[in-house]
Amino acid sequence: MNTQPPAEVGMKVDEVDTPALLVDLDILEQNLQRMADELARTPVRLRAHAKTHKCPEVARRQIELGAIGLCCQKVSEAEAMVDGGIRDILISNEIVGPRKLERLARLAQRSRVMVCVDDPDQVNILNQVMQDHQVHLQVLVEIEVGGTKCGVPPGQPAVDLARRIDVATHLDFAGLQSYFGAAQHLVDFSQRSAAVAKSQSLTRELIGTLAQHGLACPVVSGGGTGAYDLESASGVYTEIQAGSYVFMDHGYTKNLTADGKPCNQFQQSLFVYATVMSRPVPERAVVDAGWKAVGVDCGFPIVADRPDIEYFQGGDEHGKLRLHDPETQLRVGDKLRLVPGNCDPTVNLYDWYVLFRQRRVEAIWAITARGAVL
């Protein structure tokens with residue numbers, strides 16, 4: 001971390017330097033409580049995904065509200081969370097390479113760690129590293145249920161892999177990871193529901209097959225913000241890997257309910273704060289938040305509370321705004337809040353959260369795992 005925070009506790013939000021990552025603390029707390037309340041009515045626990053916030057301060061609040069632990073995607077993320085006091089981590093990904101596996105073994109010596117596999121040879125390598133470090137590691141078989149990323153087919157290949165883990169001397173078969181990420185972003189409710197139902201059916205059938213081979217699945221992990229309600233009601237999952245619900249983004253706000261209305265369980269708490277740096281012509285302005293300040297993998301950001309202004313193009317350090325009404329009062333030095341299309345990669349561009357309440361900065365939190373890609 002090599003930057004100074006863009007704000008100080010107690011200053012007005014209008015005084016925060018830009019670009020900055022603003023978090024509305026009231027809304028963040030409401031989102032955290034809402035998910036806790038929703039899952040408290042089910043037998044499913046929350047395993048909150050740290051790839052969204054990358055911040056132990058947020059993680060501790062999730063644990064305090066009942067989360068069983070965290071998900072991380074990389075060993076370096078997990079190290080940052082364990083260093084921050086979190087003691088139950090699922091690395092919901094395959095970890096490959098001797099240096100990473102050495103670090104994974106050391107991490108397992110000081111916290112409860114699970115990891116995913118989808119390759120028989122990798123089971124042997126993983127077991128040997130754990131044996132060398134005299135630790136036991138809990139392992140989930142990741143199955144492919146529609147996402148076409150990682151994961152072994154949920155049939156005999158998954159059974160064979162689970163049996164291989166079960167007989168390994170320093171690995172314990174703990175269950176399954178069944179995550180269908182693309183289903184989380186299916187806007188139409190009927191399509192989203194059908195996709196989730198299909199993945200659940202595949203998972204349920206595999207659980208039964210494994211039981212016939214004497215292999216129990218105490219952990220079935222998956223699900224996320226976009227379909228957590230469907231997944232938590234399935235009777236299949238034991239834990240939900242929701243992450244984005246804490247902040248939200250305009251990608252998720254496109255999702256519709258069964259009656260065609262926007263999903264509104266969680267509200268937008270995260271914003272990229274930007275300053276107008278140029279108004280060269282009446283119909284265009286430029287802000288200081290370009291590709292290095294806001295993720296655009298899911299589309300350009302939208303301008304919060306300003307439907308009359310459109311973020312339509314950008315560059316490394318510049319974001320172009322189209323003013324639908326050239327008479328719009330927008331001057332150089334004015335500040336705007338941008339809502340990113342995808343909160344996760346946007347967070348990874350910053351070192352600090354600036355948390356505010358009632359237009360005053362209340363806290364500055366370090367994004368400890370920013371850039372943790374190893």
Run down Asp166, Asp172 and say which single residue is out of contact with any Gly (no Cβ under 6 Å at 6 or more places or on another chain), assigned to a strand (DSSP E or B) and either in the same structural domain as Ile89 (by TED's automatic domain parsing) or not hydrophobic (A, V, I, L, M, F, W, C) (or both).
Asp172
Selection count, the range 226-247, where residues are among the β-branched types (Val, Ile, Thr) and either surrounded by fewer than 24 Cβ atoms within 10 Å (Cβ to Cβ) or assigned to a loop (DSSP other than H, G, I, E, B) (or both)
2
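Restricting the search to the range 196-225, which residues are in a loop (DSSP other than H, G, I, E, B) and under 18 Å from the mean Cα position of the chain (by Cα)?
Scanning the range 196-225 gives Gly223, Gly224, Thr225.
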Going by what's in this entry, would Met114 be described as more than 26 Å from the chain's Cα centre (by Cα) and surrounded by 16 or more Cβ atoms within 10 Å (Cβ to Cβ)?
no
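For the range 62-84, name all the residues that are small (Gly, Ala, Ser), more than 14 Å from Gly243 (Cα to Cα) and crowded, with 19+ Cβ neighbours inside 10 Å.
If the condition is that a residue be small (Gly, Ala, Ser), more than 14 Å from Gly243 (Cα to Cα) and crowded, with 19+ Cβ neighbours inside 10 Å, then Ala78, Ala80 are the ones that fit.
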For the range 258-271, check the following and say yes or no: at least one residue is more than 20 Å from the chain's Cα centre (by Cα), at pLDDT below 95 and of a type in the set (Asp, Glu).
yes
Counting just the residues of the range 45-61 that are buried (at least 24 other Cβ atoms within 10 Å of the Cβ) and under 18 Å from Val220 (Cβ atoms), which one comes out nearest to the chain's Cα centre (by Cα)?
His49
The range 10-28 - residue that is closer than 19 Å to Met277 by Cα and not hydrophobic (A, V, I, L, M, F, W, C) and, of those, surrounded by the fewest Cβ atoms within 10 Å (Cβ to Cβ):
Asp14
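Would you be able to tell me the number of residues in the range 312-348 that are touching a residue at least 60 places away in the same chain (Cβ under 8 Å) and within 24 Å of the chain's Cα centre (by Cα)?
Looking only at that region, the number is 11.
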Residue count, the range 252-303 (criterion: in contact with an Asp or Glu (Cβ under 9 Å, 6 or more places away or on another chain), farther than 23 Å from Val332 by Cα and hydroxyl-bearing (Ser, Thr, Tyr)):
1
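Taking the range 134-163, which residues are within 23 Å of Ala197 (Cα to Cα), in a strand (DSSP E or B) and without any contact (Cβ under 8 Å) to a residue 40 or more places away in the chain?
The answer is Val141, Val152.
The values are calculated or read from the model by the stated rules, or taken from the named source; none is laboratory data. Note that the coordinates shown come from a computational prediction; the quantities given were computed from them, not determined experimentally. Please note: Cβ atoms are built from the backbone with ideal geometry, for glycine as well, and neighbour counts cover all protein chains shown.
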